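Take a look at the structure below.
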Amino acid sequence: MVRGVVGREVGERSERERAGREERKGVMKKSEHLSRKEEEERERLQRISERLRKRRVSNLRRHRLTASAEIERISAMLSIPERIKEESLSIYQQAWERDLIHGRSVEKMVAASVYAACRRNRIPMTLDELEKATNVARKDIVRACKVLAGRLSLSLPPVSPIEYVHRFCEKLNLKGRVREKAEEIVRKALEKNITSGRGPPSIAASAVYIAAILCGNRQTQKAVAEVAGVTEVTLRVRYKELARKLQIELH
């Protein structure tokens, strides 16, 4: 009787041990299955991440080539120095990396990058010149440039009117005597704070117009206004103001 009870207990214990082994095997198999699934999911995500990275690199390369070609074209058209051209491309690339191009046209951001590079290096470049070279409206260039300056922390110091004098005289084929006189007029205007709140190109254009008259090489208001990228009305208002406040008599 005792032997029978002991036999049943041994059998039950063996059964439990066998059931335990089977349960552990099941858990191990399930764990291995989950590990394989997790590994497969991890590999899938890594492949997706790699594809996205390559796509982004490809997009950056394509945009860089497009921007580079456009900056090259603008630089050749406007005689922009090599170092300014390189800085323009650098600004555009920073804008791309900071995702500032998204939702904005490449043309606008390229034009703004060129303008920002010129401003940073005090290169006399008018918005009118850039507008003609890029077919991007002045207001859009200014708006995009403000985005670049704000988001990339770019310092954009104003260009002195004196910097524009040489450029305008060169375009009008005016000799050194006129340029020197125009620079003298601008310096006096700066000393008397007449230029405050006025656009540097309009002040420079007014000084060139006055200097040309004083030196016996009168230019039409239309010609001077066109090279400066200002209206004839603005030129008339500014040159009359300069002449009056600096007590310059024009005949």
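A few points about this structure:
- Complete set of residues in the stretch 228-251 that are in a helix (DSSP H, G or I) and touching a residue at least 60 places away in the same chain (Cβ under 8 Å): 228
- Residue within the stretch 161-172 that is of a type in the set (D, E, K, R), surrounded by 15 or more Cβ atoms within 10 Å (Cβ to Cβ) and within 20 Å of residue 121 (Cα to Cα) present: yes
- Restricting the search to helices (runs of 4 or more DSSP H) fully inside the stretch 1-120 and requiring at least 2 residues that are modelled with pLDDT under 60 gives 2-78.
- Filtering 147, 136, 142 for residues that are outside any helix (DSSP H, G or I) and assigned by TED's automatic domain parsing to the domain that holds residue 78 leaves a single hit, 136.
- Applying the condition of being in contact (Cβ under 8 Å) with a residue 12 or more places away in the chain and assigned to a loop (DSSP other than H, G, I, E, B) to the stretch 209-227 and asking which residue is nearest to residue 197 (Cα to Cα) yields 219.
- All of 248, 203 fail the test of being more than 15 Å from residue 168 (Cβ to Cβ) and aliphatic (A, V, I, L, M), apart from 248.
- Residue 186 being buried (at least 23 other Cβ atoms within 10 Å of the Cβ) and either in contact with a Cys (Cβ under 7 Å, 6 or more places away or on another chain) or not in a helix (DSSP H, G or I) (or both): no
The values are calculated or read from the model by the stated rules, or taken from the named source; none is laboratory data. In this text, all values refer to a predicted model and were calculated from it rather than measured experimentally. Methodologically, a virtual Cβ is constructed for each residue, glycine included, from the backbone with ideal geometry; neighbour enumeration extends over all protein chains shown.
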